[in-house]
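Right, one structure below, let's go through it.
The values are calculated or read from the model by the stated rules, or taken from the named source; none is laboratory data. It should be emphasised that the depicted structure is a prediction, and the values quoted were computed from it without experimental measurement. A quick note on method: Cβ atoms are made from the backbone with ideal geometry, for glycine too, and the neighbour counts reach across all protein chains shown. Ligands, DNA and RNA are excluded from the accessible area calculation, which covers all protein heavy atoms including side chains. Shrake-Rupley method; radii C 1.70, N 1.55, O 1.52, S 1.80 Å.
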Amino acid sequence: MKSFHVANEQIDYLAVTEAALQHEAQEQLWQPLRQAIHERILPGAVAVISYRGQLYRYAGGWATDTPALRIPATFDTIYDCASLTKVTVTLPLILILAQQGRLSLDDPASNYVPELQHGAHATITIHQLLAHTSGLPAIVDCYSHSWTMEEAIQHIGQMELQSAPGSARAYSDPGFILLGWLFQQISGMSLDEGAQKLLWQPLHMNNSMFCPPSSLVANIASTEYDAAHADWLRGIVHDENARQLGGIVGHAGLFATANDLLRYGQSWLIGVNGSDCAWLAPAQQSIRLLRSAIQRQTPALPQTHRGLGWVLEGDEADVSGGLLSSTAFGHTGFTGTSLYIDPELELVMVLLTNRVHYGRQHSIQQVRRDFHRTIAASIRAHMK
């Protein structure tokens, strides 16, 4: 693979054993990112990899790259995580409620959200919302109508279902908006309060948040140019629906660093492999809950390999690159983010970019695949 020069590049690793990847292999890990930055597919990237006790980190390019302002991407840069919110905030908060016995995943969501108590909507289960098999459509337009959260929930409860609940998979933002609302109704906490108390504090995720304060804006990667603000968005959530609904929503709105997301990914790796994951009680029930979340929940649906929230190996949305184990699972975010975990390889991979900074037309699906494939190839060569 051709080598490229990238501005502001930082690379480091922490080896706690003698089994670290060789220096040449470490350098190879970052080539797909260097190439994408060099070709201006991405302004910059921050990546963190944890492999069997070894930590490898990369930061390169720009967090902001505009005619008026250039800010380097660093290990401390905070990114708009977009749909990673679904699996890093909403999913674990729902699982915590299930572990506490405050809900069952097989409960109809209408038990907790009265707006769903009619027709086929009344049969949609929490499980189906998590697995994207509720029948709800992919998107809902809240921002054009200037809806409040209450108005959005009411509208979602009246949306025509695309399929009978449980009969098909359709990735659905409205489904996760409902899940975030459902958490609030049961717990009495907002999503950010729940995340802070139940996730971020136990995992020491000190740079994770919704609605970042203005004091942190200088450390936040810019997303897309927004005509209404006459500027590139920094610290204002990119997702228009999340922005309209106050920035604290079940489908999008999380801002975080790569290091924080690594801690979260490691908690899943630890929990799935049978130990205390810190945010679920240390009990066999918790281990079973985590393992069930990464098992295929859609066996009757061809080309659909979905867990609860998570994308599994072989799904149409899978960008793992083809060399991870069959137990790997992950998720992406529209702004250019991703988190992938492979329990068999004891591997966690975080990639944070702001690919929309140069415009939404810049797809990084192949960059993601190349990045994950390069890591997996280096590890498999190291294991021989």
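Can you give the three extents of the C-alpha atoms in region 80-196 along their principal axes, from longest to shortest, in whole Å?
That gives 34, 32, 23 Å along the principal axes, largest extent first.
Along the Cα-to-C-beta direction of Tyr143, a point sits 7 Å from the Cα; which residues of region 232-262 have their amide N less than 11 Å from that point?
In region 232-262, the label zone of Tyr143 (backbone N under 11 Å from the point 7 Å along Cα→Cβ) covers 233, 237-245.
For the chain, report the accessible area per residue in Å² (1.4 Å probe, heavy atoms, rounded to an integer).
Per-residue value: 39 Å².
What's the extension gain from Glu150 to Arg296 if we count 0.36 nm per residue and subtract their Cα-Cα distance?
49.3 nm is the gain from fully extending Glu150 to Arg296.
Compare Ile37, Ile49, Ile270 in a GNM of the chain, Cα atoms joined below 10 Å, and give the one with the largest fluctuation.
Per the Cα network of the chain with a 10 Å cutoff, Ile270 tops the list.
Looking only at region 196-231, which residues have a backbone nitrogen under 16 Å from a spot 7 Å from the Cα of Arg40 in the C-beta direction?
The answer is 225.
In the full protein assembly as shown, how much of Lys197 is accessible to a 1.4 Å probe, in Å² to the nearest 10?
120
Normalised radius of gyration for region 1-145, please: alpha carbon Rg relative to 2.2 N^0.38 Å, two decimal places.
1.51
What's the angle, to the nearest 10 degrees (0 to 90), between helix 258-272's Cα axis and the longest principal axis of the chain?
60
Using only the alpha carbons of region 58-131, determine the length spanned along each of the three principal axes and report them from longest to shortest in whole angstroms.
Principal extents (Cα only, largest first): 53, 27, 17 Å.
Return the single residue from Pro165, Pro213, Pro43 with maximal mean-square fluctuation; model: Gaussian network over the chain, springs between Cα atoms under 10 Å.
Result for the chain, Cα springs under 10 Å: Pro213 fluctuates most.
Give me the percent of accessible area attributable to carbon and sulfur for region 16-130, probe 1.4 angstrom.
Whole-percent figure for carbon plus sulfur exposure: 50.
Contour minus end-to-end for Met159 and Arg102, with contour as 0.36 nm per residue of separation and end-to-end as the Cα-Cα distance?
Going from the current span to full extension adds 17.8 nm.
Report the Cα-based extents of region 318-362 along its three principal axes, largest first, to the nearest Å.
36, 15, 12
For region 188-279, which semi-axes, largest first and in whole Å, follow from the square roots of 5 times the eigenvalues of its Cα gyration tensor?
Values: eigenvalues 155, 41, 26 Å².
So the equivalent ellipsoid measures 28, 14, 11 Å along its semi-axes.
On a full-extension model of 0.36 nm per residue, what is the gain between Ser215 and Glu193, subtracting their alpha-carbon distance, rounded to one decimal in nm? Can you show the working numbers first?
On the way: separation 22, 0.36 × 22 = 7.92 nm, distance 1.99 nm.
Full extension of this stretch gives 5.9 nm more.
Let me cross-check Trp62: its accessible surface, 1.4 Å probe, with only protein heavy atoms counted, in Å² to the nearest 10?
Its heavy atoms expose roughly 40 Å² to the probe.
Would you mind telling me the share, in percent, of accessible area of region 259-311 contributed by carbon and sulfur at probe 1.4 angstrom?
On region 259-311, the fraction of accessible area on carbon and sulfur atoms equals 49 percent.
Would you calculate, for the chain, the mean residue ellipticity at 222 nm contributed by helices, counting each DSSP H stretch of 4 or more residues as -39,500 (n - 2.57) and dividing by all residues, to the nearest 500?
-8000 deg cm²/dmol
Stokes-Einstein D for region 262-384 at 4 °C, 1.567 mPa s, Kirkwood Rh over Cα pairs, in µm²/s?
For the chosen part, D equals 85 µm²/s.
If you take all C-alpha pairs in the chain, what percent of them are over 36 Å apart?
Of the Cα pairs, 19 percent sit more than 36 Å apart.
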